[in-house]
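Enquirer: This is the structure I want to talk about, given as structure tokens.
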Amino acid sequence: MGEEPTKAEYLLRLRLKVEQHIETYVYQFPSGMIGNPWSDARIKQGLEQFKRSLVEPYWEEVEIRDTFDQVSMAVAPRRQCAVVADDGEGMLLLFDPVEGSFVLAQREAHGLITFGVRGDAVGCFLAR
């Protein structure tokens, strides 16, 4: 059996996975969707901004406020997530190892808070 990766190896693999997601991203706008599809230029611009926003992943404690129940709690659950991108305007893309998904978080005065935008790395980042 293989050994568990170290924390540093885990973060490196995560960074490589995100870079691969950016490089292989294919925008799809299913028929029947409400709204208008994004232009190729908008997608390209978003992917370029994502690349510029990548950081060396690091762990940070995050307040989870994804559901109506969590939003209404006086004290929300907290967990360690890996920060993978920071747009420089208060929005960060994290990887939540408990949920196994990427999630957007906003930097507030008292720390990072999620707000229910979860999914693939590129889709979450472009949803900011």
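Enquirer: Give the residues of the range 87-105 that are part of a strand (DSSP E or B) and surrounded by 15 or more Cβ atoms within 10 Å (Cβ to Cβ), sorted by residue number.
Expert: Within the range 87-105, M91, L92, L93, L94, F95, D96, F102, V103, L104, A105 qualify.
Enquirer: Could you run through the range 61-76 and say how many residues are surrounded by 14 or more Cβ atoms within 10 Å (Cβ to Cβ), out of contact with any Gly (no Cβ under 8 Å at 6 or more places or on another chain) and either at pLDDT 95 or above or not polar (S, T, N, Q) (or both)?
Expert: Count: 2.
Enquirer: Next up: Is it true that L16 is free of Cβ contacts under 8 Å to residues at least 24 places away in the same chain and either among the aliphatic types (A, V, I, L, M) or surrounded by 10 or more Cβ atoms within 10 Å (Cβ to Cβ) (or both)?
Expert: yes
Enquirer: Could you please let me know if V75 is in a loop (DSSP other than H, G, I, E, B), over 22 Å from L14 (Cβ atoms) and of a type in the set (V, I, T)?
Expert: It is true that V75 is in a loop (DSSP other than H, G, I, E, B), over 22 Å from L14 (Cβ atoms) and of a type in the set (V, I, T).
The values are calculated or read from the model by the stated rules, or taken from the named source; none is laboratory data. All figures in this text were calculated on a predicted structure; none of them were measured in a lab. Every residue, glycine among them, receives a Cβ derived from its backbone with ideal geometry; neighbour counts consider all protein chains shown.
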